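The values are calculated or read from the model by the stated rules, or taken from the named source; none is laboratory data. Just so you know, these numbers come straight off a predicted model, no measurement behind them. Neighbour counts run over all protein chains shown; Cβ positions are idealised from the backbone, glycine included. SASA here: full protein model, heavy atoms, side chains in, ligands and nucleic acids out. Shrake-Rupley method; radii C 1.70, N 1.55, O 1.52, S 1.80 Å.
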Amino acid sequence: MNTQIPHVLPIYPLKDHIVFPYMVIPLFFPREAIGVIDEAMRQSQMIGAVYCPGPKGVCTFDEHPRVGTVCRINQLVKFPDGGGKVTIEGVQRFIMKAPVQTEPCLTAVVELVVEKEERGLVVDALVQSVNALLKIALAYGRPLPEDVLKMIDRIEDPGRLADLITVYLGIDPGGQQQLLAILEPIERLKSVYMHLTTEVQKMQVKGVIDQEVNKRLGKSQKEHLLREQMKQIQQELGDQDPRMAELSELRKRIRDAEMPDDVLLVAEKELRRLEQINPASPEYTVSRTYLDYLCNAPWQKGTQDNLDVKQAERVLNEDHYDLKEVKERILEYLAVRSLKATTKGPILCFVGPPGVGKTSLGRSIARAMGRKFIRVSLGGMKDEAEIRGHRRTYIGALPGRIIQEVCRVESNNPVFMLDEVDKIGQDFRGDPSSALLEVLDPEQNDSFSDHYLDVPYDLSRVMFITTANIMDPIPSALRDRMEVIRLSGYSDEDKEQIAYKYLIPKEIEENGLAKYPLEFAPEAVRKIIHDYTREAGVRNLERKIAAVCRKVAFGIAQGDAARSRIDESDIENLLGPRTYFIEVAAERDRIGVVTGLAWTESGGDILFIEAARMKGNKGLTLTGSLGDVMQESAKTALSYVRGHAELFGIEQDFFEKSDLHIHVPSGAIPKDGPSAGVTIAVAIISLLTGRAARRDVAMTGELTLTGRILPIGGVKEKLLAARRAGAKTVLLPIRNREHLAELDPELLADLEVHLVECVNDILIHTLLPLTNTVGPNSTLEMLPPVAPV
């Protein structure tokens, strides 16, 4: 055969096919390839068929693989458009050596590959293994022509067997080219064996999967048939299908839910969809739960408001002492409701220190109005879905807490308390405070959209009450939507009244002393308030009273005689040594130490500003966990003192060779705010002039560089802190005059309050007379005194 094949052949590029020896295929060629066919027909009717991996079926010599197949043209048919069809037969492998020409077609020098006949035990075993795998593939449904099967059984040559099986393995042209390029017959048959093994394994797995699918389909068809038979039997017996009964009940609940028209359309559409779902499908449970929430939502169902203003006032007074502003706001709302039936619920925000009764006040408001009460704590909430709910595409999706709680109480006009709104967090799951913007906006919450319900729900009838300790962490957009009502701390007189009216009766009942009348002497209650508690609210006071009651109950349980009265002398025996001391009264007047007033989220408090001077070079040290604003206030105070040193009798160059250290004790507690500016300035002046500051004078105010004192917040809280600490005199900015007018006269009974306009006014009331001469420039003695308020 080699003598009949020339060593220079025209090369025909194959794109989608690989021709193996002894393989006969028809080949359609375009007009552009007629040159290759004509060149072959003029010579020996032989062409070299080589795979072309190029995207358009056009390759240069270097782009062609080196191994191809010599093919004989058995038949040629030309078409009128210039193309044609040839029938070619693979003859023998060859290796392209070098190109001869590229026009009008590529011709190349080829080297024919002569395969040796292989015989032996290894070859026989390999041929038998391949035949066995073929039969397994046929058993799993691998299509193979009958004549090919007979041909495979007769072929013993490993190379020819490998070529024949490769054609029917379904390998892509690239993979077939790799097998064509294996010139050793045994190695080629081994590669075919590996491909065939992989194919059989895939067919085995597919067979197992198909078998399982058919089994499940058969089970589903069987269940469907049995269900239809059961349905027919139930109809004959007059019984109702449980699924149909469930759907009928849902349909009745939808009719009775009094949904708005647009929501009713959604519910009916979902019900029709539910009827088409197989009850065994997970989607059935999702749709069923969604319809349950639509039916359970109180679209038109609410409680009747108690519009008797006097009765509501009586209920509020029963539960809480004082809190006039809050009670007046609730009574005003009820008065408006009595005159106008349709009124949007107010959005209130109670701001105050812990323990003043913010949360319990919400429950009392609900009782006074005859409404259901809901409380949701927002502290630490970081997921927006807690407010708006999850979309139903998620497994286990539920509505947000707003809709869940409204559905739970079955009322569309409850008192809804959102507790700790200033402690909301945020992370990658969203910002709950932004989701609250729609809930707490009276102009938007009449069409609140929960992600789970996906229909508008009217929240305008709900009275929302939020609580917070401080307003600073609340976003401004959310703060703007709420009516802020501040609850200041209680005075000692208020706490005494609260103890007698609410706390003592409650603890006597809770500790099992109802049958053993117990009386607290007024002196005993005052001792608990002064010596064992230091707070704006009454939580610790309640705990101490409960501790006393438990001690009494313990004595009764041991067989001791029941106490009938708790006197002042009994308190230390029952509660141990006193916990708190009056800081101001316990200290003496010092140089460079001044008493200031602060406002924290726990209410008012006092702080002592300490100033020290040492040799140095214009250094200013600030310690005590001071925030940025407070540090700036200290720098402002120092600049003011340096700029007015002559006025205070201080050397003007005092800072050139000195370092100053400002410290605020309780260094572990962070402190911030501008209201300590005047306190720091007075501490520096006291230090530099050598004049001691009166410890019983407390002050607060923001200081400017020009010496003006700006107004501050938390006036009542700071005055209460001054009383608790034992201060006698309080200095406030003159611009806080209106805030003083709003306070009860009893609160100011033990305090001498002065309104000051500049630092000179403060120094007159704070600094004691000079013990040594500070210089002729001091003009403090000539300043007129400021009259007390």
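A compact table of results
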| quantity | calculated |
| --- | --- |
| Virtual spin-label span in nm between E568 and R31, 7 Å along Cα→Cβ | 12.3 nm |
| Nearest-20 debye value, the stretch 264-320 charge dipole, Cβ charges on Lys, Arg, Asp, Glu | 300 debye |
| Dipole-positive endmost among I684, V715, L226 within the chain (Cβ charges, Cα centre) | L226 |
| Separation of alpha-carbon centers, the stretch 116-146 and the stretch 17-51, rounded to whole Å | 31 Å |
| Residues of type lysines that K340 reaches as a straight line, Cα spacing below 30 Å, ignoring anything fewer than 8 places off in the same chain | K301, K310, K324, K327, K358, K372 |
| Derived scalar couplings ³J(HN,Hα) [the stretch 683-697; Karplus, 6.51 cos²θ - 1.76 cosθ + 1.60; whole Hz; x for Gly, Pro] | 5, 5, 5, 4, 5, 7, 8, x, 9, 5, 9, 5, 6, 8, 9 |
| GluC sites (Glu not before Pro) within the stretch 107-200: DSSP coil, no more than 14 neighbouring Cβ in 10 Å | E117, E156 |
| Assigned charges on the beta-carbon of Lys, Arg, Asp, Glu; the chain dipole about Cα centre (debye) | 960 debye |
| Pair L743, R550: separation of 7 Å Cα→Cβ label points (nm) | 3.6 nm |
| Selection from N412, G362, V336, by position along the positive dipole direction of the stretch 336-432 (Cβ) | V336 |
| Helix axis angle, 715-725 relative to the chain longest principal axis, alpha carbon, degrees | 60 degrees |
| Sulfur and carbon atoms: percent of accessible area, the stretch 612-702 [1.4 Å] | 47 percent |
| Helical mean residue ellipticity (222 nm; -39500 (n - 2.57) per DSSP H run of 4+; nearest 500) of the chain | -13000 deg cm²/dmol |
| Where chymotrypsin sites (Phe, Trp or Tyr not before Pro) fall in DSSP loop in the stretch 506-566, at most 16 other Cβ within 10 Å | none |
| Hits among lysines - C-alpha to C-alpha of K206 under 26 Å, sequence gap 8 or more where chains match | K135, K190, K215, K219, K222 |
| Linear extension gain, K97 paired with L112, 0.36 nm per residue minus alpha-carbon span | 4.4 nm |
| Gain in span if fully extended, S449 to D153, counting 0.36 nm per residue against the direct Cα distance | 99.2 nm |
| Unit charges on C-beta of K, R, D, E only; dipole of the stretch 372-446, Debye | 380 debye |
| Cβ-derived FRET efficiency at R0 25 Å, I136 paired with N214, nearest 0.05 | 0.75 |
| The stretch 97-146: trypsin sites (Lys or Arg not before Pro) in DSSP coil with no more than 11 other Cβ atoms inside 10 Å | K116, R119 |
| Computed over the chain: relative contact order in percent, which uses C-alpha pairs under 8 Å that are six or more apart | 7 percent |
| Whichever aspartates and glutamates have a C-alpha closer than 17 Å to that of K150, once near sequence neighbours (fewer than 8 apart) are set aside | D163 |
| Cα→Cβ-extended label distance, 7 Å offset, between Q311 and R392, nm | 4.2 nm |
| Charge dipole of the stretch 430-559 about the Cα centre (unit charges at C-beta), most positive-ward option of G537, S433, I556 | I556 |
| C-alpha long axis of helix 358-369 to longest principal axis of the chain, angle in ° | 90 degrees |
